[in-house]
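Engineer: Next up is a structure, given as C-alpha cells.
The values are calculated or read from the model by the stated rules, or taken from the named source; none is laboratory data. Just so it is clear, the model here is predicted, and its values are computed rather than measured. Cβ placement follows ideal geometry from the backbone for every residue including glycine, while neighbour counts extend to all protein chains displayed. Note: accessible area is taken over every heavy atom of the protein model, side chains too, but ligands, DNA and RNA are not part of it. Shrake-Rupley method; radii C 1.70, N 1.55, O 1.52, S 1.80 Å.
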Amino acid sequence: MIKISPSILSADFARLGEEIKAVEQAGADAIHVDVMDGHFVPNLTLGPPVIASLAKVATRPLDVHVMAAPIDPYIADYVKAGASILTIHAEATHHADRALNLIHELGAKAGLAINPGTPVTVLEDLLHLTDLVLVMSVNPGFGGQSFIPRALEKIKAVRRMIDARGLKVELQVDGGIKPDNIFTAARAGADFFVAGSAVFSQPDYAKVIAQLKKNGEAGWAARV
Ligand code: DX5
Ligand code: ZN
C-alpha cells in the first residue's frame, strides 16, 4: 500500500546506476529523479539525457519530478527519456490542463506538484487530470531540509478531495520525510513518499526503507 521513492538527489552522482540498483534491491517502489533548472529553484541537477541513461538500468518506474519553468516545451523530452511518472509544478505552467493532458497523450502518468506556499485550491479543476498529486513539504531546491508541519493540513485537504470524488489519485509527499515523521504524514492521508537524505545517509538502505514502510503502513491504518 505505502510506496517509497528514494530521491537520487542525495545519492552518489558518480555511481548513479549502482545506487539505483541498490535501492531497488532494498525495496524501493520507484526511483525519484529531481530535475532542477537553477531558475524555478535555486539549484541545478540533470535533464533528459541523464534520465535516458538511468532508464536503461532502472527496473522500477522513474518518478521524475521536474522543478523547471517553463515546463511545457520540454514535456515530450522527459517522457521520451523514460519518465513513467512525470510530475510538473502547478506554479511552472500557465496551462496546467493542457500540460497534464499532453503527458497522458505521450503515455506517461501525470503528476502535479504544489509548493508549500501554493493553496490546494489550485487542484480544484485539475485533480481529475492527474494520476498523482505531490504535496511539497519543503520549499524545493535541496535535499536534507526539515519537514514543514503545515503540509499535514494540505495532505488532509487533498485526501478529502480525492476521496470525495472517488478518484484513484496517488498522494505523494516530498521533503524531510524520515522514519520518525512518516507515520503522521501517512495518517493525514499520503500513500507515496519521497525520501532522499533519510535513505542515502544510511549504510543499510533495506533497513531504512523497511522502517519507512512499516511506520507509513501504521500511519495509513490509523487514518481518521
Ligand atoms: C527537494 C526535492 C526532494 C529532495 C528530498 O526539492 O524535490 O525530492 O530530494 O530530499 P529529502 O528527503 O532529503 O528532504
Ligand atoms: Zn522531489
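Engineer: DSSP beta bridges in the chain, what fraction antiparallel, as a percent rounded to 5?
Structural biologist: Working: 1 of 32 bridges.
Among the beta bridges of the chain, antiparallel pairing accounts for roughly 5 percent.
Engineer: Largest first, how would Lys156, Lys56, Lys207, Lys168 line up by accessible area (1.4 Å probe)?
Structural biologist: Values: Lys156 80, Lys56 170, Lys207 125, Lys168 195 Å².
So the residues, ranked largest to smallest area, are Lys168, Lys56, Lys207, Lys156.
Engineer: Here's something else I'd like to know. Return the distance in nm (one decimal) between the two label points of a simple spin-label model at Lys168 and Arg15, each offset 7 Å from Cα along Cα→Cβ.
Structural biologist: Label-label distance for Lys168 and Arg15, simple model: 3.9 nm.
Engineer: Okay, next question. Please list Thr121, Thr87 in order of solvent-accessible area, largest first, computed with a 1.4 Å probe with all protein chains present. Provide the component values of the computation, followed by the final result.
Structural biologist: Details: Thr121 95, Thr87 0 Å².
Listed by decreasing accessible area, they come as Thr121, Thr87.
Engineer: Could you grab the relative contact order for segment 75-121? Cα pairs under 8 Å, six or more apart, rounded to a whole percent.
Structural biologist: Averaging sequence separation for qualifying contacts and normalising by length gives 44 percent for segment 75-121.
Engineer: First measure r as the distance between the Cβ atoms of Glu217 and Gln145, then evaluate 1/(1 + (r/R0)^6) with R0 = 22 Å and state the FRET efficiency to the nearest 0.05.
Structural biologist: Efficiency, rounded to the nearest 0.05: 0.30.
Engineer: On average, how much accessible surface per residue is there in segment 37-162, in Å², for a 1.4 Å probe, leaving out ligands, DNA and RNA?
Structural biologist: 44 Å²
Engineer: If R₀ is 25 angstrom, what is the calculated FRET efficiency for the pair Glu153 and Asn101, using the beta carbon separation as r and rounding to 0.05?
Structural biologist: Using R0 = 25 Å, I get an efficiency of 0.30.
Engineer: What is the mean projected area of the alpha carbon convex hull for segment 87-219, to one decimal in square nanometres?
Structural biologist: So the Cα hull casts an average projection of 8.1 nm².
Engineer: Share of segment 81-120's accessible area from carbon and sulfur, percent, 1.4 Å?
Structural biologist: It is 52 percent, rounded to a whole number.
Engineer: For the chain, what's the radius of gyration and Dmax over Cα atoms, in angstrom?
Structural biologist: 15.9, 45
Engineer: In segment 146-224, what percent of the accessible surface is made up of carbon and sulfur (1.4 Å probe, ligands and nucleic acids excluded)?
Structural biologist: Solvent-exposed carbon and sulfur of segment 146-224 make up 53 percent of the total.
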